[in-house]
Structure formats: structure tokens, C-alpha cells
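Nothing in this text is a laboratory measurement; each read-out follows from the coordinates by a stated rule. Worth saying up front: this structure is predicted, and the values here are computed from it rather than measured. As a convention, Cβ positions derive from the backbone with ideal geometry for all residues, glycine included, and neighbour counts pool all protein chains shown.
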Ligand SMILES: [Fe+2]
Ligand SMILES: [Fe+2]
């Protein structure tokens, strides 16, 4: 196996329309200072507060400044809430229109393969969904990915935590495809898990908090910084701190190892 060093940023729930300007400035500064060492940025949805044109444009302007590939999936706030016709029949039309050149379905380079799970349920946007069709699509894509590459699934809703038996069953099928990471947002709360209660290895399942919005809940604005050296993984939860020397700083560090590839 050839040696590899990869750095990936996972952030989420920007909510343009409800951002905190200073936090955005600090995030831009962090990205600028670190982008020479970055391979990829993954954004797990809720780019906007209300799927409005000016909010999408502001989000796109921000994302266009990032000099490494940006992978982005839509969240429930990126589909129309009040225009029911559009929400039911073409929920992602605005997202597609404004995100245009960014990568949102599938990305693959010499080290990484990322599949985007578009989890918004237009009939009940707070609750996400996955379908058999998603499983087939991931299976199809991942079957040609060489085993040495890191496989990532990125979606908005925390489907791994759902109790619905139908979703649980589909989730099991996703796990059988052996992704290395499963990333999501939506809850505005960061978390990382690699093993279940029986000590069975799962994908590294991780959530990012809201990175720049004022919609913070139990924790400050945050994102995840993932470093992979061969099979060793270090994930830093980067949390925004106000006041003297403000900016994003590593608050927690999670260490684990991937299956040998
Ligand atoms: Fe959100
Ligand atoms: Fe959300």
C-alpha cells in the first residue's frame, strides 16, 4: 500500500441569511491559511436559511473563494418551504441552478471517492430519507472504486440515528458497502462515532455543527478537520471562540484507524 496524507474539512449548516459576519470572516481566514494543505472540503447542506436567490448567491460567492475541490449536498433549508408546487415537483431546482459548477453527486480523485446522499424529504423536510434507489446508486459507484481509496458518504440528515425500521434496514445496506466515513449536519451539533455498543466497527460517522450561522444550539459554531495518514485518522472538532485572538481552534481530538486497505 502506498503511503498517503490527506486533509479534509467537513462543515455544515452555513445558513446564509442568518450568518454571523465575524465568524464567516474567521472561517475565510482559516481556509486561506490552511488551504495549501487541504485535499477537499465537504459541506453537508443547509447552505441557505430560506432557499432564496440572494442567499444562494452569497453561499456560492463564499464557496468559490475556496481553492480546493468543494463537495456540497443540499439540506432541508435549500428547498422551497412555502412554494409547495416547486417543493414537491422540483425541490432541488434552485440548488442545482445556483450551485452549478460545484460537485454534489459524486467526486473521485486518486485517494478519495465521495458520494452525495440527497436526503431531503419534500413532504416532511425536517425528517430525512434514503431509498433503495440511493443504495443501488452508491453500490454502482463504489463497485469500481479501488479498495485503497477512502470512501465517503455525505448527506444532510442524520439517517444513521433514525429509529424508523425501514430506514434502519436501508442504513444496514449502506454499511455493507463499507464506506470509511459517513458525514452529516442538520442537528447543529457535532459528534463522532466509530464503533457500536457491541464494539463492531462502523464507518466513522460524524456530524458537524453549524459552522457560521447564528442558529447555534447546545454548542458554538464548529467544523471538523480530518487528517488521514495511511490508515490513521485524527479528527479535530474546530470550535469558534470570540474575544482576544478569536477564530477557530481545536477543542477536541478524536483518533482512530481505518480498516487496512
Ligand atoms: Fe441547519
Ligand atoms: Fe437542516
**Complete:** Normalised Cα Rg of the stretch 33-126, dividing by 2.2 N^0.38 Å with N its residue count, works out at 1.13
**Prompt:** Could you give the length gained on full extension between residue 35 and residue 200, defined as 0.36 nm per residue of separation minus the Cα-Cα distance, in nm?
**Reply:** 55.9 nm
**Request:** Would you kindly compute the Cα radius of gyration of the stretch 138-261 and its largest Cα-Cα separation (Dmax), both in Å?
**Result:** 15.7, 50
**Mean Cβ neighbour count within 10 Å, used as a protection proxy, ranking 184-193, 64-73 highest first** = 184-193, 64-73
**Asked** Which value at 222 nm does the chain reach when only helices count, each DSSP H run of 4 or more adding -39,500 (n - 2.57), with the total divided by all residues and rounded to the nearest 500 deg cm²/dmol?
**Response** -7000 deg cm²/dmol
**Request:** Along Cα→Cβ, 7 Å out, is where each label goes; now give me the distance between the ones at residue 110 and residue 242 in nm to one decimal.
**Result:** 4.5
**Request:** Express the relative contact order of the stretch 5-257 as a whole percentage, based on alpha carbon pairs under 8 Å and six or more residues apart in sequence.
**Result:** 21
**Viscosity 1.306 mPa s, 10 °C: Kirkwood-radius Stokes-Einstein D of the chain over Cα pairs, µm²/s** = 86
**Extended-chain gain in nm, criterion 0.36 nm per residue less alpha-carbon gap, residue 54 and residue 229** = 59.0 nm
